[in-house]
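Written out below as structure tokens is the structure these notes cover.
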Amino acid sequence: MSAKPSRQVLSLAARATAARRRIAGGVRRTPCLPSRAIPDDGGQLWFKAENLQVTGSFKARGAMAKLTTLPTDVPVITASSGNHGMACANAARTTGHRLTVVLPEGAPAEKREGIAAYGVETILHPGDSGLAERHARKLAGEASATYLSPYNDLDVMSGQGTIALELLEQMPRIDNLFVAMGGGGLISGIGAVMKSVSPATRIIGVSTAASAALAASIEAGRIVETTHNDTLADGCAGGVDADALTLPLAQEVIDRVITCDEAQIADALREIAWTDKMLVEGAAALALAGLRADRAAFAGAVNVVVLCGANFDRARIAPVLAGGA
């Protein structure tokens, strides 16, 4: 990470400030909650509770930020593993846009049903979320519609960056901020604001080993293809666009990347459920798993974990909470 924020980072932070004003009536200012766990290292653990956001995910911010910039007479098409689709459907109901959502066939049933409940058109497409995104782009071109990326869009990233603006008001100090990584929209938006206002705060990106496209791309310095396997952190699964705006932003704002396996994610899910009495989705637990993966490195610090959502598949999470794989 560079010593001073680049122009693109400062610009995204400014966009987040503007986005906050636009979306204020459509999203919640979520709390930052202290963990019930009593640390034995003199540090602090806090949770930014985006699991309590409207539609149950941080994605509500980016969707509203984008749709509030678009004319309502142009149809919108997006792709989603669930949370972004629900967020767009909710935002479209507020703004009046006509919306179509393309989902990968493996998206959790409860997320699919949640999107359909908003009355928008849904299309299931074979493969992972990356293939669903490509299909949605194709459909948008054919229908003269606007394609709304789940992450590869500056307005979407600016919406996610409003999380950091709230954190700066809620926390007098943050030493380490843990954020799950998928396509990079969340961590780029949050990181841009933090590095512009609180550069001493370390941004820790946490990737699932089962689908680590952004982590691999950051290491390589270019977009690379990776294998995508099934993961509890399904909201973070899938590839990264070849022209992803998030890669250079992520490279600049992220101080460290930690990769976690499925057992670590499952352990974090159980900790959040049984210690902090919250049920969250795997992508949210992934961020805590990153902290737990290297406890000594973050001992004695003020650590904040972004709980990015709570839209879990009950059939999938129940055996994990019971102690199974």
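Considering only DSSP beta bridges with both partners in the chain, what is the antiparallel share in %, to the nearest 5? Among the beta bridges of the chain, antiparallel pairing accounts for roughly 10 percent.
Express as a percent, rounded to the nearest 5, the fraction of DSSP beta bridges in segment 1-152 (both residues included) that run antiparallel. In segment 1-152, approximately 20 percent of DSSP beta bridges are antiparallel ones. For segment 72-128 versus segment 14-35, the inter-centroid distance based on Cα atoms is 22 Å. Got a number for carbon plus sulfur as a percent of the chain's accessible area, 1.4 Å probe? The value for the chain is 52 percent carbon and sulfur by accessible area.
As a test of reading the structure, rank ASP155, ASP40 by solvent-accessible area (1.4 Å probe, protein chains only), most first.
Accessible-area ranking of ASP155, ASP40, largest first: ASP40, ASP155.
Relative contact order of segment 125-202: 29 percent, from C-alpha pairs under 8 Å at least 6 residues apart in sequence.
Ordered from largest to smallest accessible area (heavy atoms of protein chains, 1.4 Å probe), the residues TRP46, TRP274 come out as TRP274, TRP46.
Taking a threshold of 27 Å on the Cα-Cα distance, which of the pairs LYS59/LYS195; LYS66/LYS111; LYS195/LYS277; LYS4/LYS138; LYS66/LYS277; LYS111/LYS195 fall above it? The answer is LYS195/LYS277; LYS4/LYS138; LYS66/LYS277; LYS111/LYS195. Between amide H atoms placed 1.01 Å from N, distances below 5 Å from ARG28 occur with VAL54, all of them 5 or more places distant or on a separate chain. Return the loop-located GluC sites (Glu not before Pro) in segment 210-308 (DSSP other than H, G, I, E, B) with at most 13 other Cβ atoms within 10 Å of their own Cβ; answer none if there are none. Answer by residue number: GLU225.
Let me have the relative contact order for the chain, percent, based on Cα pairs under 8 Å that are six or more residues apart.
In percent, rounded to a whole number, it is 22.
Normalised by the number of residues in segment 4-80, the average gap of Cα pairs under 8 Å and 6 or more apart makes the relative contact order 27 percent.
Among residues other than GLY119 with Cβ under 12 Å from its Cβ, the summed charge is +1 (Lys and Arg +1, Asp and Glu -1).
Taking amide H positions as modeled 1.01 Å from N, with prolines and chain starts lacking one, the residues under 5 Å from VAL224 and 5 or more places away or on another chain are SER217. Counting only heavy atoms of the protein chains and using a 1.4 Å probe, THR72 has close to 80 Å² of accessible surface. Applying a DSSP loop filter and a limit of 13 other Cβ atoms within 10 Å to the trypsin sites (Lys or Arg not before Pro) in segment 128-181 leaves ARG173. When LYS59, LYS48, LYS4 are compared by accessible area of protein heavy atoms, the largest-first order is LYS4, LYS59, LYS48, using a 1.4 Å probe.
The values are calculated or read from the model by the stated rules, or taken from the named source; none is laboratory data. What you see is a predicted model, and the numbers here were worked out from it, not measured in a lab. When we count neighbours, we look across all protein chains shown, and the Cβ atoms used for this are built from the backbone with ideal geometry, even at glycine. With ligands, DNA and RNA removed, areas are computed over all heavy atoms of the protein, side chains included. Shrake-Rupley method; radii C 1.70, N 1.55, O 1.52, S 1.80 Å.
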